[in-house]
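Undergrad: Mind looking over this structure? Questions follow.
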Amino acid sequence: MNRSVTLSAKGALVALVAVLALLVAYLLGNGGSSAQAAPQTSSVAADQQRTLVMTGTGRTVGVPDELTFSLSVGLVRADLQTALSDANASMNRVLAELDRLGVRESDVQTTGLSMNAVYDYHSYGPPTLRGYHVGQSATVLVRDLTLGGRAVSAAVEAGGNDVRVRDIGLRIADSDTLLAQSRDAAVKQATAKAQQYADATGQSLGSVLSLREVHVTPVVPQSLAFARSSFDTASALPIRAGKDRLAVTVRIEWSFG
């Protein structure tokens, strides 16, 4: 019995020694791998390229040279055929006057037609039919701003009380050219700032790695509002063009070192 216990203890001791030997071998092997990997990590860090990122904004100012507006003809007549006929006549008078002023036919676009029954409602009984309402609408582009006010007033005068004008706005015809100038100015500003930092730190500015346009001022027509009384004279509606400012912001990344 004692001999069996002694043998078992010796076996356990031998197994423990074997486990410790394997653990030491593993640790030594892993340490060697780490020692070999360390120079590779330093090499990767040394190879990473330094960069410089800068933004620039370019701005240009343009004067609107076109005018847009929407017009509609709306009237009520006892029967639908008469209402449609009279609405057509009113719209044709307006279009003829715009044509006489030099507004291109292709710059007038029909945008809607509506026909609805009109009822009178009473507290003492069912509603009664009063007639029919017909409405027509169109958008107009006047490419010569000097004719814009005259075109609006002429449309109202030709259509009389059946005509309504709304959504008068000013816009720049060639906004793309102004935006191109803004982009050039934005790149020049960003480059000048980057070069200044490079000179101040004794570094050299390398090649462009990336360029991204991060913001562009939307080209939105200016909206103008006028009271109905502004159209009740034969003179041209007064229009002042003002100015529009178009801006572009870019983000540029250079190699730096």
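Undergrad: Could you sort 159-168, 203-212 so that the peptide with the highest average Cβ count within 10 Å comes first and the rest follow in order?
TA: 159-168, 203-212
Undergrad: Ordered by packing density, taken as the mean number of other Cβ atoms within 10 Å over each peptide's residues, highest first, how do 148-156, 63-71, 169-177 rank?
TA: Ranking the peptides 148-156, 63-71, 169-177 by packing returns 148-156, 63-71, 169-177.
Undergrad: Under a 5 Å amide H to amide H cut-off, with H placed in plane at 1.01 Å, what residues pair with LEU75 once short-range neighbours are removed?
TA: Result for LEU75 returns VAL134.
Undergrad: Another one. Counting other Cβ atoms within 10 Å of each Cβ, which trypsin sites (Lys or Arg not before Pro) in the range 97-146 have at most 15 and sit in a DSSP loop?
TA: Here the sparse-neighbourhood loop sites are ARG104, ARG143.
FYI, it's all coordinate maths here, none of it is from the lab. Everything numeric here is computed off the predicted structure, so don't read it as measured data. Neighbour counts are summed over all protein chains in view; Cβ atoms, including those assigned to glycine, are modelled from backbone coordinates with ideal geometry.
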